[in-house]
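Chemist: Below: one structure in C-alpha cells.
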Amino acid sequence: LMCPPALLALDCTCIHKIRHRNKESYQSNSLTRWSEVSRRIEMWTSVQELNELGEYTAVELHQAKDVNTGGVFQLRQGHSRRLQVAVKPVLQSGTLPLMVEAILSVSIGCVSVRSTKLQRGLDSYQEEDLNCVRERWSEALMKRREYLDEQIKKIIHKQEKTEDDVEREARLVEQWVGLTEERNAVLVPAPGSGIPGAPAHWTPPPGVEAHIPVLFLDLNGNV
C-alpha cells in the first residue's frame with residue numbers, strides 16, 4: 001500500500017492585515033496566504049518479502065475500483081517481511097519551511113476483516129484536523145470582523161468626515177465583505193483550490209489514495 005500525500009496546515013491570524021482592492025485579487029491573495037502556511041508531504045509505504053535469493057523485494061500491489069486505499073498487498077504465507085516507509089515534502093506544494101529529519105517509529109495493529117460488499121472501504125482520510133483548522137480559521141475571521149465592525153461604526157458616527165475617513169471606510173467595508181467570502185471559501189472550498197478540505201480534483205498515480213487528509217500543527221500549543 002502506498003499511502004496518500006498529507007497536507008500540513010498551520011494556524012496563522014496575522015495574514016488578515018492584507019488589504020484587497022477587488023474580488024479577483026482577494027481570492028488570489030487568499031490562496032497565496034494558504035500556500036504560505038501549508039506544505040504537502042508524501043508518505044510511501046511498501047511491504048518487502050525475502051525471496052529465493054535472500055533479498056528483500058517489494059510485494060505486488062493489487063488495485064481495484066472498490067478499494068479506497070492505494071491498493072492491497074499480495075502477501076505470501078510463511079515469508080519473512082519488513083516494512084519500508086519514506087516521508088518527504090512535495091516540491092511546489094506550499095512555502096511552509098517544513099523539514100523531515102527522521103521517522104522515529106512505525107507500528108502496525110488493529111488488523112480486522114472487512115467485506116468490500118457490505119462495508120465501506122477504509123482509507124487514510126480523516127477530518128478531525130481539518131475541522132480544527134476550519135474552527136481556528138473561523139475564530140480568526142470573527143475577531144477580524146468584530147474589529148472591522150468597531151472601526152466602521154466609529155467612522156459612521158462621525159458628524160464630519162474627512163476625505164481620508166471616506167476612503168478608509170470604503171476599505172474597511174471592502175474587507176468586511178471579503179471576510180464573508182473567505183469564510184465561505186474555507187467551509188466549502190472549490191475543487192482544486194488548494195484550500196484544506198477541497199474535494200479531490202486530480203487523477204492520482206497508481207498506488208496513491210485520491211483523498212488527501214489534513215494534519216494540523218498548532219504553533220500556539222505545546223509542540
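The values are calculated or read from the model by the stated rules, or taken from the named source; none is laboratory data. In this text the structure is predicted, and so the values were computed from the model without any measurement. As a convention, Cβ positions derive from the backbone with ideal geometry for all residues, glycine included, and neighbour counts pool all protein chains shown. With ligands, DNA and RNA removed, areas are computed over all heavy atoms of the protein, side chains included. Shrake-Rupley method; radii C 1.70, N 1.55, O 1.52, S 1.80 Å.
Chemist: Roughly how many nanometres apart are two label points built 7 Å out from the Cα toward the Cβ at Arg33 and Ala170?
Modeler: 2.2 nm
Chemist: Sticking with this structure for a sec: For segment 82-223, give the percent of accessible area contributed by carbon and sulfur heavy atoms, probe 1.4 Å, rounded to a whole number.
Modeler: For segment 82-223, the apolar C and S fraction of the accessible surface comes to 54 percent.
Chemist: Moving to a separate point now. Taking only C-alpha pairs under 8 Å that are 6+ residues apart, what is the relative contact order of segment 87-190 in percent?
Modeler: 23 percent
Chemist: Using the beta-carbon distance between Lys117 and Thr45 and R0 = 22 Å, what value does 1/(1 + (r/R0)^6) give for FRET efficiency, to the nearest 0.05?
Modeler: That gives a FRET efficiency of 0.25.
Chemist: Once you have the Cα-Cα distance between Gln159 and Glu139, take 0.36 nm times their residue separation minus that, and quote the gain in nm to one decimal.
Modeler: Roughly 3.9 nm would be gained on extension.
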